[in-house]
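The next block holds one structure in the form of structure tokens; read it before the comments.
We did not get these values from a lab; they are worked out from the coordinates using the rules stated. In this text the structure is predicted, and so the values were computed from the model without any measurement. Virtual Cβ from ideal backbone geometry, glycine too; neighbours counted across all protein chains shown.
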């Protein structure tokens, strides 16, 4: 079982996934900073408030922090857009790579038979 686990971990796609998660975490921090420090003040200029995360309203004893939700929504849209651009770029790269036509086993066998027949003649 340890051997199988070692083979699983050694696969390239698992390592790529781990790298992607780490970079994604760092990217999320950058997007959060972008939202909190640049986009929110810009939106706040138009709304008259500088910090959107403090926007809230109360109904009875419940407090609804819709400003924090707006921050999360902006973060999501930015991350989703960047992922969309990355996937689009990857698809272009994959399409550009020429693919070799798959050789059928029948063709290989027929070629060998042909070569053997030529040798006999």
- prompt: Quick one: which of 76-82, 23-29 comes out on top by average Cβ neighbours within 10 Å, and what's the full order, highest first?
  reply: 76-82, 23-29
- prompt: Once the piece of chain linking residue 63 and residue 119 is laid out straight, how much longer is it, given 0.36 nm per residue of separation minus the C-alpha distance between them?
  reply: 11.3 nm
query: Any idea how far apart residue 45 and residue 3 come out in nm if each label point goes 7 Å out from Cα toward Cβ?
result: 6.6
